[in-house]
Amino acid sequence: MNHKLILIRHGESEWNRLNKFTGWTDIDLSKNGKKEAIDAAKLLLLNKITVDLAYTSMLKRSIHTLWYILKYLDRSWIPVKKSWNLNERHYGALQGLNKLDTIKEYGAEQVQKWRRSFDETPPKLTPSDIRCPGNDIRYSNVEIDKLPMSESLESTINRVVDYWKIDILPNFKKNKKIIIVAHGNSLRALIKYLNKINNNDIVKLDIPTGTPIIYEFNKKFVPIKYFYLKDI
């Protein structure tokens, strides 16, 4: 029997809808995002896929997506582990800016590098900026030098993969049925690692909101395939 892991990018957020750089800004789901979360749960139920342990980020667009899913599956009682390691990539000083306005200011080529290159880091926040994670109570138990002022995809991958190895995979190996509800870049990071995707190809991977991704692993917990649930 194959072991299944469920990955879901949160439903559409209000800033997704407004085409803004979001990153670690704590923006809630749009009306459509709530519907996407429920539709994801319907697909899981239809395919008789259940869960007994959930992981999500510290950001409410992911947390609330998970709430809708677990409520619909009648699994609100299962343990939920939240970690900043599953947060979206931190977009630094770009956070809150409209993407089209940013292109007008910095040029399409530069913005594309910030968005899609593997190791390009957007402009960093300054320590006095209210948007700094160190000013947010939810990260008060994290060492200040571990909290980013901006991140490349590469640095996002490092923290996500470390968390996978240290926390998620050991629980998965206990035959836990795990769902991870996170973000476009944190899931991109995990998929890169699991599928051994090279640095050039991973930046081309788009992950739609609110669509379950099902991973199947063999008995040695090596991934053998993955697919979007809507495709079956």
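Using +1 at the C-beta of Lys and Arg and -1 at the C-beta of Asp and Glu, which of Ala108, Val80, Pro122 has the Cα lying farthest in the positive direction of the dipole of the chain?
Val80
Taking the chain as a Gaussian network, where each spring joins two C-alpha atoms under 10 Å apart, which residue of Lys192, Lys20, Lys48 fluctuates the most?
Comparing Lys192, Lys20, Lys48 in the GNM, the peak value goes to Lys48.
Once fully extended, how much extra length lies between Leu205 and Asn19, figured as 0.36 nm per residue of separation less the alpha-carbon to alpha-carbon distance?
Residue separation times 0.36 nm, minus the Cα-Cα distance, leaves 65.1 nm.
Between helix 31-46 and the chain, what is the angle of the helix's C-alpha long axis to the longest principal axis, kept within 0 to 90° and rounded to the nearest 10?
20 degrees
Apply the Karplus parameterisation 6.51 cos²θ - 1.76 cosθ + 1.60, with θ equal to phi minus 60°, to every residue of the stretch 79-96 and state each ³J(HN,Hα) to the nearest whole Hz, in sequence, with x for glycine and proline.
Calculated HN-Hα couplings, in order: x, 10, 10, 10, 8, 5, 5, 9, 4, 4, 4, 7, 8, x, 6, 6, 4, x Hz.
Taking H placed 1.01 Å from N in the peptide plane, check which residues at least 5 places from Ile49 or on another chain put their amide H under 5 Å from its amide H.
Amide H neighbours of Ile49, under 5 Å, 5+ apart: none.
Decide, for the stretch 53-145, between rounded, prolate and oblate: order the square roots of the alpha carbon gyration tensor eigenvalues as a ≥ b ≥ c, take rounded if a/c falls under 1.5, and otherwise choose prolate if a/b is larger than b/c, else oblate.
Prolate is the answer for the stretch 53-145, as a/c is 1.5 or above and a/b outweighs b/c.
Under a plain spin-label model, where a point goes 7 Å from the Cα along Cα-to-Cβ, how far apart in nm are Thr50 and Asp74?
Roughly 1.0 nm, to one decimal.
What are the ³J(HN,Hα) values, in whole Hz, obtained from phi via the Karplus relation 6.51 cos²θ - 1.76 cosθ + 1.60 with θ = phi - 60°, for each residue of the stretch 188-204 in sequence order, with x given for Gly and Pro?
4, 4, 5, 5, 4, 5, 5, 9, 6, 7, 6, 4, 6, 6, 5, 6, 8
Identify which of Tyr55, Tyr68, Tyr139 has the largest mean-square fluctuation in a Gaussian network model of the chain, with springs joining Cα atoms closer than 10 Å.
Tyr139
In percent, how large is the relative contact order of the stretch 3-231, given Cα pairs closer than 8 Å and 6 or more residues apart?
32 percent
Between Ala182, Ala41, Ala93, which gets the highest mean-square fluctuation from a Gaussian network model of the chain, Cα cutoff 10 Å?
Ala93
Count of lysine pairs in the stretch 96-178 with Cα atoms under 16 Å apart, counting only pairs 8 or more residues apart in sequence or on different chains?
7
What dipole magnitude, in Debye to the nearest 20, does the chain give about its Cα centre under +1 on Lys/Arg Cβ and -1 on Asp/Glu Cβ?
The calculated dipole for the chain is roughly 940 debye.
Please list, by residue number, every one of the chymotrypsin sites (Phe, Trp or Tyr not before Pro) in the stretch 70-108 that is coil in DSSP and has at most 14 other beta-carbon atoms within 10 Å.
Passing sites in the stretch 70-108 are Trp77.
Please report the spacing between the Cα centers of the stretch 202-231 and the stretch 22-94 in Å, no decimals.
Value for the Cα centre distance between the two parts: 16 Å.
Note the full-extension length gain between Phe118 and Asn195 as 0.36 nm times their separation in residues minus their Cα-Cα distance, in nm to one decimal.
Separation in residues times 0.36 nm, less the Cα-Cα distance, equals 26.1 nm.
Once R0 is set to 35 Å, what does the formula 1/(1 + (r/R0)^6) return for the Cβ-Cβ distance between Asp162 and Ile103, expressed as a FRET efficiency to the nearest 0.05?
E between Asp162 and Ile103, to the nearest 0.05, is 0.60.
Only loop residues by DSSP count here, and only those with at most 16 other Cβ atoms within 10 Å; note down the chymotrypsin sites (Phe, Trp or Tyr not before Pro) in the stretch 153-232 that meet that.
Phe221
Quick one: length gained pulling Lys219 to Asn135 fully straight, 0.36 nm per residue minus the C-alpha distance?
Result: 25.9 nm gained on full extension.
No lab work stands behind these numbers, since they all come straight from the coordinates. Everything numeric in this text was worked out from a predicted model, so none of it was measured. Quick reminder, even Gly has a Cβ in these numbers, built from the backbone with ideal geometry, and neighbours come from all protein chains shown.
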